[in-house]
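The values are calculated or read from the model by the stated rules, or taken from the named source; none is laboratory data. Here the structure is a predicted model, which is why all the values come from computation and not from measurement. Cβ coordinates were reconstructed from backbone atoms using ideal geometry, including for glycine residues, and neighbour counts include every protein chain displayed. In case anyone asks, the SASA skips ligands and DNA or RNA and just uses the protein heavy atoms, side chains included. Shrake-Rupley method; radii C 1.70, N 1.55, O 1.52, S 1.80 Å.
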Amino acid sequence: MVAALALTVRAQSPALRTWKDPALHLTFSYPAELHPRDPASVGGGGGCAEVVMAAGLGNDPDQPGASGGAAPSGSWASVALSDMGPGCIPPKVLNKPKVMDQMMYGLTGNATQSLGLMPIEQPVGYLVQGHHAYVASAQGEPISQDVVQPANGAEVLAIIAVHVNDHVLIWRLASNDANLLNRMLASQVDFGTGTPQALYPGHIGQ
């Protein structure tokens, strides 16, 4: 009976797709309906941060290169991970945890400040496998810099920054479906130091 119950629980667990970066000692498992994409096709990570991983479902109308004016059909979602390496961060900052926290507070908060978006949650700190992390979120319909404003570009956006060794890893997650976004936030991360944990253990949006 116990074995049968365990099999049932596993069968009901959402399928995950796993991405690994040995250099960062990172394993990231996210909802399987998001398909891997070329990181080069995603907008820059900001500053000298490099986009190292990207995945998505459907057409995110607010991403560069999206077909302007074409309304997405059904749910869409996108996730991009950027690596801000030690070459991007002054050594004096790396050695001061409080200053690093202030930097991540600014990184996450500034990334959600866009015309058409309203903040849901101001940057808040938490721990992931003992690493300092910050999350900020917003929702609305970003105003496009292009000539054509995308149709139905409403989204829920979350930005997460995690300080791991001499790197700051920055996740950008967006979707027009709050439930899907929260499933993305529940993606499992493992920095090689213990049991995988949720990227963000809380809930965002309606």
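Work out, step by step, the length gained on full extension between Asn110 and His35: first 0.36 nm times the residue separation, then minus their alpha carbon distance; give nm to one decimal. Could you put the intermediate results ahead of the total?
Working: separation 75, 0.36 × 75 = 27.00 nm, distance 2.76 nm.
That works out to 24.2 nm of additional length.
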Within region 77-94, backbone nitrogen closer than 18 Å to the virtual label 7 Å beyond the Cα of Cys48 toward Cβ
82-94
So if we plug the beta-carbon distance of Val124 and Thr27 into 1/(1 + (r/R0)^6) with R0 = 30 Å, what FRET efficiency do we get, rounded to 0.05?
0.75
Give me the aspartates and glutamates in straight-line cross-link reach of Lys20: C-alpha distance below 13 Å, same-chain residues under 8 apart excluded.
Asp190
Quick check: at a probe of 1.4 Å, how many percent of the accessible area of region 76-206 sits on carbon and sulfur atoms?
55 percent
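Treating only the Cβ of Lys, Arg, Asp and Glu as charged (+1, +1, -1, -1), what charge dipole size does region 94-206 show about its Cα centre? Round to the nearest 20 debye. Write down the numbers at each step before the final one.
Numbers: 4 positive and 8 negative charges, 54 e Å.
Once rounded to the nearest 20, the dipole reads 260 debye.
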